[in-house]
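Each reported figure results from applying straightforward, stated rules to the coordinates on display, with no laboratory input. Predicted model, so just to flag it, every value in this text is computed and none were measured. Cβ atoms come from the backbone with ideal geometry, glycine included; neighbour counts cover every protein chain shown.
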2 protein chains.
Amino acid sequence: MNLDARHQTMVTLAKVAEAAGVGESTVSRVLRNHGSFSRKTRDRVMEAVERLGYVPNRIAGTLASAGSRLVALVIPSLTNIVFADVLRGASAILEGNQHQAVFSVTEYEPEKEEALVAAMLAWRPTAVMLAGFEHSEGTVKMLRASGCRVVELLDLDGAAQDLAVGFSNRAAGSVSADFLLRRGYRKIGYVGHDLDRDTRAAKRFASFRERLGAAGFPLVDSEIHAGASSVEGGRLALERLLARMPDLDAVYFSNDDMALGGYFHCLARGIQVPERLALFGHNGLDIGRVTPQPLSTIRTPRVATGRVAAELVVTDAPAQVVDLGFELIEGATA
Amino acid sequence: MNLDARHQTMVTLAKVAEAAGVGESTVSRVLRNHGSFSRKTRDRVMEAVERLGYVPNRIAGTLASAGSRLVALVIPSLTNIVFADVLRGASAILEGNQHQAVFSVTEYEPEKEEALVAAMLAWRPTAVMLAGFEHSEGTVKMLRASGCRVVELLDLDGAAQDLAVGFSNRAAGSVSADFLLRRGYRKIGYVGHDLDRDTRAAKRFASFRERLGAAGFPLVDSEIHAGASSVEGGRLALERLLARMPDLDAVYFSNDDMALGGYFHCLARGIQVPERLALFGHNGLDIGRVTPQPLSTIRTPRVATGRVAAELVVTDAPAQVVDLGFELIEGATA
DNA sequence: TTTGAAATTGGTAGCGCTGCCAAAATATCT
DNA sequence: AGATATTTTGGCAGCGCTACCAATTTCAAA
């Protein structure tokens, strides 16, 4: 790009100052509504801003002032509504506080997470928000060195670097197990997705399984769909699981997407839910409330997680762990 | 924040240069792999970078060099998977080309879109991507003045400002009408969501309705769910529509989410699909492929839209309109 | 009026980096 | 060896803005 051409066209603060017949710092103060200035000056400046169509350059502003007011969200997936909800909650708060959310997607790959965190840190964000506690050594080192706030989301079972907001996946897993046991199910299976990557789902599963074992009704069998969680994955995996273990009486799914797939399988095959087979999910997605039978699941505080995380960041709160809990939804599938 | 404290801690390019015993510009060249330098110098610099844990400051870099390599995506909603898919496509390409996606959500509100575009322009992005052609006057003016590339997504029925990528919603609407007519449906209704905001859905509906009228079988009735599109909205709206018009033989939905809600309503009420009532959606979401009966719908090129848009931007392609088309999915609900 | 305090303003030195240019080092050729 | 091309380097002036400070103006009290 031709720099000179750009410089001729670009409206800068200096040009506004000249047009308004005031000093640069005055324009800066007026625009940021910071410091003092007379009403008359303000009007003159605003008139010039309007007339020239001036748009402040935050790049320059940030460089000069240290605070970028950018918050980086590094999330595993956008396909998963869970993270879209977190983003929604966070954006809402950030926008109301002159901050900007910047996000990128790791596809659940730690190496990608590391690369993205590096890229984000180059923008000197106020904070970086990540899913969960499991990060590569390099990621942790960079974050620590950067000095910016770190918020780990949607997990509490582990050691937080700085701030953490969410709920305990282990608790969710055992509550789910207790519920199924209380309802009298005894031959329980599990349908999940790639657990190496989704460590939060892995924690739920581990805890679920432990609880069943402790109650004397150990998990009968499990089927892991290779790949990311999806409705289709849930359907296929349940089909495979039932082929092996036709007399299961309940299945716990790694999340609602997978559970929905399982439910569709049952509908398609005429398997009576929950009489013949009970289904239990995790997340409490809206769609699960509207299926012919509402899904039995656990509602997780997704939007609230984003919101609270953002609030902690904008208020520069001290390091802490915030447990937002979750809610059992009895539904009609278990 | 205390500036001095920060300055003491921050590793800057100058410190790396000093540690490596070379000049600043040499470090800059090595890090950007631009210009020439000896192998030995490169190693010395990289060693220092490694040792000090230096992370380049892109804020400063951008200010000095003019190109931010940021691409702003201003989308209506994250709840709607459509936009998540666009983002996914765009991110993938941008990341592979040293660009960063920055996004924010308008909630379908034009005033919010305008505010967000202003906020994004402050970061001097390479391009701004928006949904559709309908923007406030202020938004258009700002974009024009900014001189950055503009990409309008998922719509072709209107006048593009610069680049446009997507498909024709009007065409999708008439193809949908033709399909239902070809199948022999004659008493057709419509279930949609807030059309003032989702202008693309409005275009589909308008075209759908025109086509039915032209064929001599005008739309019998329609029911608009107040609020954003959702599965629940579809279910409730279909229920209301059928209460008024019990003898409809087919319903066209504003999108798959709404259609899914309608489908669930039919399942719950035992309404035979498609014999008693046919359902037709729009978007071709994955979940619609896995329901007991796959949804009849139109698959839209969402990920490709994001991908192509990003490619056009990174290659600095000339202004143009790219039609990615769509695909009819016959499914089993119509 | 005088005086001091308070409110308002402008000048200017950076923020950390890149682009340009000239200088230095190295390689290649008579 | 000397001269010329080539590669490699460092210095430094900005990029557009904000923080800081000093200068100026305004206001109120004495």
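Table for the structure above
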| read-out | value |
| --- | --- |
| Nearest 10 degrees, 0 to 90: helix A:169-182 Cα axis against chain A principal axis | 30 |
| DSSP-defined beta bridges in chain B - what % are antiparallel, rounded to 5 | 10 |
| Helix B:199-214 axis, angle to chain B major axis (alpha carbon atoms, nearest 10°) | 30 |
| For residue B:18, inter-copy label distances in nm, listed shortest first [label point 7 Å out on the Cα-Cβ vector] | 3.7 |
| Lysines with Cα under 26 Å of residue A:187, excluding same-chain neighbours fewer than 8 positions away | A:203 |
| Using alpha-carbon coordinates, inclination of helix A:81-95 to the longest axis of chain A, degrees | 30 |
| Partner chain coverage, peptide A:83-96 - average Cβ within 10 angstrom | 3 |
| Cα centroid separation, segment A:242-270 to segment A:146-168 (Å) | 33 |
| More than 14 angstrom apart: percent of Cα pairs within segment A:90-157 | 59 |
| Number of partner chain Cβ atoms within 10 Å, mean per residue of A:121-127 | 4 |
| Partners for residue A:112 among lysines (Cα-Cα distance below 21 Å; same-chain residues under 8 apart left out) | A:141 |
| Taking chain B and dividing mean pair separation by its residue count, relative contact order in percent (alpha carbons under 8 Å, at least six apart) | 16 |
| Förster radius 30 Å - calculated FRET efficiency between residue A:65 and residue A:107 (Cβ-Cβ, nearest 0.05) | 0.30 |
| Peptide-level mean, for B:284-291, of C-beta atoms on other protein chains within 10 Å | 5 |
| Qualifying aspartates and glutamates (Cα of each under 19 Å from Cα of residue B:40; at least 8 residues distant if same chain) | B:18, B:24, B:50 |
| Where only alpha carbons of segment B:3-56 are counted, the Rg and the Dmax (Å) | 11.2, 36 |
| Computed [θ] at 222 nm, deg cm²/dmol, chain A (DSSP H ≥ 4; -39,500 (n - 2.57); rounded to nearest 500) | -14500 deg cm²/dmol |
| Packing rank of B:264-275, B:101-112, B:31-42, where each peptide gets the mean count of other beta carbons within 10 Å, highest leading | B:101-112, B:264-275, B:31-42 |
| Three-way shape call for segment A:169-299 based on the alpha-carbon gyration tensor, with the a/c threshold at 1.5 | rounded |
| Descending Cα extents along the principal axes, segment B:45-139, whole Å | 51, 27, 18 |
| Equivalent ellipsoid semi-axes, chain B, via Cα gyration tensor eigenvalues times 5, rooted, Å | 51, 19, 18 |
| Taking segment B:169-299 and dividing mean pair separation by its residue count, relative contact order in percent (alpha carbons under 8 Å, at least six apart) | 25 |
| Centre separation in Å (Cα based) which lies between segment B:277-304 and segment B:32-70 | 48 |
| In segment B:295-333, GluC sites (Glu not before Pro) in a DSSP loop with at most 15 other beta-carbon atoms within 10 Å | B:330 |
| Fraction in percent of alpha-carbon pairs per bin - 10 Å, the protein assembly as shown | 3, 14, 22, 24, 19, 11, 5, 1, 0 |
